[in-house]
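Okay, structure first, notes after.
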Amino acid sequence: MCGIVGFSGFRPAANILIQGLKYLEYRGYDSTGIALMVDHKIQIKKSQGRIENTEKLMALSSDQFHQSTSGIGHTRWATHGKPSTENAHPHKTGHVVLVHNGIIENDLELRAGILARGHFPLSETDSELIGFLLFDEMERGHSLEVALRRVSQTLVGQWSIVIMSEREPGKVIGVRNGSPLVASIDSEGNVMVASDAQPLLPFTQSVTFLEPGEMVVGTPGLLMFFDLLTGRKIHREPTLIKWTADRMEKNGFPHYMLKEIYEQPKVFTQTLQEVLLPSSSEPFNFANEKNSEILLKAEEIILVACGTSWHAGLLGKYWIEKIAKIPVQLEYASEYRYRETCLRPSALVIGISQSGETADTLVVIRDMKRKGVSTLAITNVQGSSLAREADAVVFTHAGPEIGVAATKTFLCQSLSLFLFAAFLASKRTTQNSDVLSRLRRELNFIPKILNNISNSTIKNSESSEILRAINPILNSLGSVKGFFFMGRGHCFPLALEGALKLKEVSYDHAEGHASGELKHGPIAMLDPSIVVVAIAPQDPWYTKNRSNLEEVKARGARILGIGTYGDTYLQSICDYWLALPAEAQSIHSDLLPFIITPYIQLLAYARGVQLQRDVDKPRNLAKSVTVE
Ligand code: F6R
């Protein structure tokens, strides 16, 4: 979704804004633009498509433009009006210029009023309308801050806005009402605002997350916060972000997606170490007491999430019900929030969201809190709305994920949910201590196995062992009408995730199915043009999977098997074969999802690269879905 940056300080702003926008690229966008204050006049460069298009326009600009020390920038993900240069932000109305993230729901009424007052918007956006409202307020004699506060009262929806005016050069003002906004001031006095912390990190790790209903006013050397409604100055404590700017670089990898898949051994260990108490007599004691408390009170758990996070939730449901014997309901946030639900007072609602900003998930957590139900968040982003609003939070320690398709965050979400299951099992004594000790011991082996799979020291994708196995398979497929992923038990969520990942980054048709469901309909589509990716390790569901594979084979579909090392039966029935590492044979079957995850991710990655897709920024997708 849209990304905002703003800068006012003692350095040339143009490249800082462009670099900031590049850090926000992962959110997804279709046009970009920046506005700089050049000699008390606003100059705008904007274009449809990649940031590079705007950079090309900037290259033709004057030295003065490049020396300007204040400006705002934007990546737009179209909602109101098609992707085009006219609809790209910033939008200028008279002496006022603005960028906007979110949706203004009363745009039709506002547009009618603006037209009636004789103004003519140049774009189809809801955003540009705000500029006319600001302009009119300032014409009535109000300062920029007061105009923005007054206009904010008239807007309906979820939004953040950052503005500048030729009448007050050097001042950058931001307001938050829903869509996130973060502000900082570094040791030199450079002031920045942005949609998330990443553009600020090259300057400082100390950042302030605005709450909805707050306004930030930045001038070189000074950053102030105000209550939007009353205009009163408020004190806001900054948060220290642990991420560093170098973690947002590709570090020699051809794509962020590959880098992030290869980072999984490291982030798995980090999440394990941070979530659990390091030295404890019990194998699964939580480091954070509040998390322990809230989990222990739950007699029923409702997991809410979207997309990949929902797939992690499905794994979580299987684990919690099996290991901890607590009933779990898994819900799409976008459905749950609109339907009549009934919950026991002892229920716990867990929102799973890597970004912590997904609008639907956030609204469910807010609604539940309002109803007095306990809430917990699993998220990767410190300071995110979900982290701040839920009663308790478990952070996944995946570090910044720049590739739009979620990879390492999925693994860490899944791990967190597994740790919930094991923790609850240990406290409720639903598993004997030997089983739990074994699971804890073997969790420590997983990073080593993952490391062997990804061979993470090798950045050249051709040299990685698993990609050396996947690439020839993909090259020999010829024409394919679609991919069906199938799995049972713990491998069913992986089948769903494998299909989602593949379609996201390759645009191939892909579906995920529970193996047992194939014969209830999807089997009608099977013929040699379909490749069935069968995730069928030797786990408790293996023999049932074998029967399903025979059914697939009989319909002439081609099978790409992912299975246990040395499984000659599976290998013989499959047209293409990917063996799990030999050392995975001795690992408890509950832990196999962690080992299989990179296989499905790398398959999707390699297919996307084979088809020359933009795997890091697939078309139409946004990393942080802040609209409902
Ligand atoms: C898939 C993907 C999306 C997200 C979904 C939820 O690769 O990234 O399906 O999982 O938009 O996002 P979060 O986890 O940020 O709530």
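The values are calculated or read from the model by the stated rules, or taken from the named source; none is laboratory data. All of these numbers come straight from a predicted model, not from anything done at the bench. Neighbour counts run over all protein chains shown; Cβ positions are idealised from the backbone, glycine included. To get the accessible areas, we keep the full protein, side chains included, count just its heavy atoms, and leave off ligands, DNA and RNA. Shrake-Rupley method; radii C 1.70, N 1.55, O 1.52, S 1.80 Å.
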Please name whichever of PRO169, GLN43, LEU467 sits farthest to the positive end of the charge dipole of the chain, dipole taken about the Cα centre and charges placed at Cβ: Lys and Arg +1, Asp and Glu -1. LEU467
Report the convex hull volume per residue for the stretch 465-610, counting only C-alpha atoms, in Å³. 94 Å³
Point-charge dipole on Cβ atoms (K/R +1, D/E -1) for the chain, about Cα centre, debye to 20: 420 debye
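Accessible area, 1.4 Å probe, largest first: how do HIS74, HIS119 sort?
On the way: HIS74 0, HIS119 35 Å².
The ranking, largest first, comes out as HIS119, HIS74.
Can you compute the FRET efficiency between THR79 and ALA582 using 1/(1 + (r/R0)^6), with r the Cβ-Cβ distance and R0 = 51 Å? Round to the nearest 0.05.
Numbers: r = 50 Å, r/R0 = 0.98.
It comes out at approximately 0.50.
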Phi angles of the stretch 180-194, converted by Karplus (6.51 cos²θ - 1.76 cosθ + 1.60, θ = phi - 60°) into ³J(HN,Hα) in whole Hz with x for Gly and Pro, give x, 8, 10, 9, 8, 9, 8, 5, 7, x, 6, 9, 9, 10, 6
Average Cα contact separation per residue, the stretch 465-610, under 8 Å, 6 or more apart, as relative contact order %: 28 percent
The correct pair for the stretch 243-300, radius of gyration to one decimal and Dmax as a whole number, both in Å and from Cα atoms, is 16.4, 48
Restricting to lysines 8 or more places apart or on different chains, can you count the pairs in the stretch 3-247 with Cα atoms under 15 Å from each other? 9
Inter-part distance where the stretch 582-627 and the stretch 539-562 are each reduced to a Cα centre, Å: 22 Å
Using +1 at the C-beta of Lys and Arg and -1 at the C-beta of Asp and Glu, which of SER479, TYR569, GLN601 has the Cα lying farthest in the positive direction of the dipole of the chain? TYR569
If I ignore ligands, DNA and RNA and count only protein heavy atoms, how much of TYR332 is accessible to a 1.4 Å probe, in Å² to the nearest 10? 100 Å²
Placing +1 on each Lys and Arg Cβ and -1 on each Asp and Glu Cβ in the chain, then taking the dipole about the Cα centre, the residue among ILE130, ILE446, SER292 whose Cα reaches farthest towards the positive end is ILE446
Phi-based couplings in Hz for the stretch 215-222 (Karplus 6.51, -1.76, 1.60; Gly and Pro marked x): 10, 10, 10, x, 9, x, x, 9
Rounded to the nearest 500, what is the 222 nm mean residue ellipticity of the chain from helices alone, with -39500 (n - 2.57) per DSSP H run of 4+ residues and division by all residues? -11000 deg cm²/dmol
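Give, in whole angstrom and from largest to smallest, the semi-axes √(5λ) of the equivalent ellipsoid of the chain, with λ running over the eigenvalues of the Cα gyration tensor.
Values: eigenvalues 407, 150, 100 Å².
Equivalent ellipsoid semi-axes, largest first: 45, 27, 22 Å.
Share of antiparallel DSSP beta bridges in the chain, in percent to the nearest 5?
On the way: 63 of 103 bridges.
In the chain, DSSP labels about 60 percent of beta bridges as antiparallel.
Can you tell me how much longer the chain between ALA469 and PHE10 gets when fully stretched, taken as 0.36 nm per residue apart minus their C-alpha distance, in nm with one decimal? Can you show the working numbers first?
Details: separation 459, 0.36 × 459 = 165.24 nm, distance 5.23 nm.
My answer for the length gained is 160.0 nm.
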To the nearest 10 degrees, how steep is helix 107-116 against the longest Cα principal axis of the chain, on a 0 to 90 scale? 20 degrees
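For a distance above 21 Å, tell me the whole-number percent of Cα pairs in the stretch 25-170 that qualify. Don't skip to the end; give the middle numbers.
On the way: 4389 of 10585 pairs.
Within the stretch 25-170, distances greater than 21 Å cover 41 percent of Cα pairs.
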Loop-located GluC sites (Glu not before Pro) in the stretch 223-330 whose Cβ has at most 16 other Cβ within 10 Å (DSSP): GLU249, GLU299
Alpha carbon centre of the stretch 332-368 versus the stretch 117-189: separation in Å? 31 Å
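Seen from all sides and averaged, what is the projected area of the convex hull of the Cα atoms in the stretch 83-128, in nm²? The partial results should precede the final answer.
Working: hull surface 13.4 nm².
Seen from a random direction, the Cα hull of the stretch 83-128 projects 3.3 nm² on average.
Given a 1.4 Å probe and heavy atoms of the protein chains only, how would you sort GLU137, GLU551, largest accessible area at the top?
Details: GLU137 25, GLU551 45 Å².
Correct descending sequence by accessible area is GLU551, GLU137.
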Using a basic spin-label model with each label point 7 Å from the Cα along Cα→Cβ, how many nm lie between ARG555 and ASN251? 4.3 nm
Could you look at the chain and say what percent of its accessible area is carbon and sulfur, using a 1.4 Å probe and all protein chains? 50 percent
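Can you give the charge dipole size of the stretch 256-454 about its Cα centre, rounded to the nearest 20 debye, using +1 on the beta carbon of Lys and Arg and -1 on the beta carbon of Asp and Glu?
Once rounded to the nearest 20, the dipole reads 260 debye.
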Built amide H within the under 5 Å cut-off of THR85, gap 5+: GLN48
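Mind checking the dipole of the stretch 465-610: about its Cα centre, +1 per Lys or Arg Cβ, -1 per Asp or Glu Cβ, Debye to the nearest 20? The partial results should precede the final answer.
Details: 12 positive and 14 negative charges, 60 e Å.
Dipole magnitude for the stretch 465-610 comes out near 280 debye.
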Tell me, what HN-Hα J-couplings in whole Hz come from the Karplus equation 6.51 cos²θ - 1.76 cosθ + 1.60 at θ = phi - 60° for each residue of the stretch 12-29, using x for Gly and Pro? x, 8, 3, 5, 5, 5, 5, 4, x, 5, 5, 5, 9, 3, 4, 6, x, 6
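Counting only pairs 8 or more places apart or on different chains, how many lysine pairs in the stretch 465-610 have C-alpha atoms closer than 16 Å?
Numbers: LYS481/LYS503; LYS519/LYS544; LYS519/LYS553; LYS544/LYS553.
Here the count comes out as 4.
For the stretch 33-135, state which trypsin sites (Lys or Arg not before Pro) are in a DSSP loop and have at most 13 other beta carbons lying within 10 Å of their beta carbon. Present the calculation step by step, with values, prior to reporting the outcome.
Working: sites: LYS41, LYS45, LYS46, ARG50, LYS56, ARG76, LYS92, ARG111, ARG117; in loops: ARG50, ARG117.
In loop regions of the stretch 33-135 (DSSP not H, G, I, E or B), the sparsely surrounded trypsin sites (Lys or Arg not before Pro) are ARG117.
Enumerate lysine pairs in the stretch 368-460 that are 8 or more residues apart or on different chains, then count those whose Cα atoms are under 30 Å apart.
Working: LYS369/LYS408; LYS369/LYS427; LYS371/LYS427; LYS408/LYS427; LYS408/LYS448; LYS408/LYS459; LYS427/LYS448; LYS448/LYS459.
So the count of such lysine pairs works out to 8.
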